[in-house]
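*Asks:* The structure is given below, and queries will be raised subsequently.
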Amino acid sequence: MSTSSEAVPQRHRRDIDPYRLGRGYGAAGYGGRGQDATGRGAGGPASKRVIVGFGFWIFLLSDIVMFSAFFAAHAVLQTATAGGPSGRDLFDPSRVALETAFLLASSFTCGMSAVASSVRNQLWTQVSLLVTGVLGTCFLALEAYEFTNMIRSGAGPQTSAFLSSFFAVVGLHGCHVTAGLLWLGTMMAQVFVKGFRPNIQRRLLCFNLFWHTLDIIWVALFTIVYLIGGGR
């Protein structure tokens with residue numbers, strides 16, 4: 001039995017571009033059965049959704065590298081209190097646990113919005129995004145309350161190197177959550193007005209990746225800053 005490549009006349013093989021989508025030897029009309037390959041080589045590049053998602057992951061990895069530098073600095077400075085309060089004196093475990101619960105729950109509802117958008121359900125997409133936004137706002141409110149209490153008690157970022165690094169790393173994450181909430185509101189408006197166009201679906205994919213990454217970063221922040229720092 002001859003292979004699909006053998007079925008292609010020799011004089012035509014040099015005219016076939018194996019990197020063109022659907023123009024591999026397995027494609028219909030070239031001796032194959034019509035199955036387009038999904039990878040580069042026989043079937044061409046990936047879909048735009050995959051390319052956009054991969055590119056956004058590269059951006060998120062660069063963001064993770066930045067957070068890693070902040071984590072490293074804080075880990076070194078956790079004992080540099082300059083005679084001031086330490087994490088053991090300042091952190092409220094119950095409040096931090098509630099913050100974590102809000103953010104992790106928002107990750108679940110964000111995932112539900114991705115499921116709803118994949119089946120083009122406008123109602124449940126909007127409801128899931130709205131609940132995600134409410135939970136994210138609750139998280140930010142608790143974080144702002146924590147910062148305000150610390151500053152009022154004289155434990156501001158200028159007090160010690162430990163507190164400078166604490167406000168820097170936790171505040172950086174809070175800024176990302178704020179940006180995510182603004183992005184979420186924009187996506188809700190776009191889905192409502194434009195529906196589930198391919199470009200809107202790709203934007204929703206990127207937002208989901210961004211929001212889940214913030215949750216992953218928070219788990220690391222919770223461990224390094226609050227669990228380890230609160231025990232020193």
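*Asks:* Which helices (runs of 4 or more DSSP H) does segment 115-229 wholly contain that include 3 or more residues that are touching a helix residue (DSSP H, G or I) at 6+ places or on another chain (Cβ under 8 Å), in the same structural domain as Phe102 (by TED's automatic domain parsing) and under 19 Å from Ala72 (Cβ atoms)?
*Replies:* It comes to 161-194, 198-221.
*Asks:* Search segment 193-221 for residues being among the aromatic types (Phe, Trp, Tyr) and at pLDDT 95 or above, and hand back the single one that is farthest from Val127 (Cα to Cα).
*Replies:* Trp218
*Asks:* Residues of segment 52-65 being of a type outside the set (Phe, Trp, Tyr) and free of Cβ contacts under 8 Å to residues at least 40 places away in the same chain, which ones?
*Replies:* Gly55, Ile58, Leu61, Ser62, Val65
*Asks:* Could you identify the single residue in Arg95, Arg40, Arg88 that is modelled with pLDDT of 50 or more and not assigned by TED's automatic domain parsing to the domain that holds Asp215?
*Replies:* Arg40
*Asks:* Something else about it: If Phe139 meets every condition in (1) in contact with an Asp or Glu (Cβ under 8 Å, 6 or more places away or on another chain); (2) in contact (Cβ under 8 Å) with a residue 60 or more places away in the chain; (3) of a type in the set (Phe, Trp, Tyr) apart from one, which number is that one?
*Replies:* (2)
The values are calculated or read from the model by the stated rules, or taken from the named source; none is laboratory data. Computed from a predicted structure; not experimentally measured. Cβ sites come from the backbone with ideal geometry, for glycine too, and all protein chains shown count toward neighbours.
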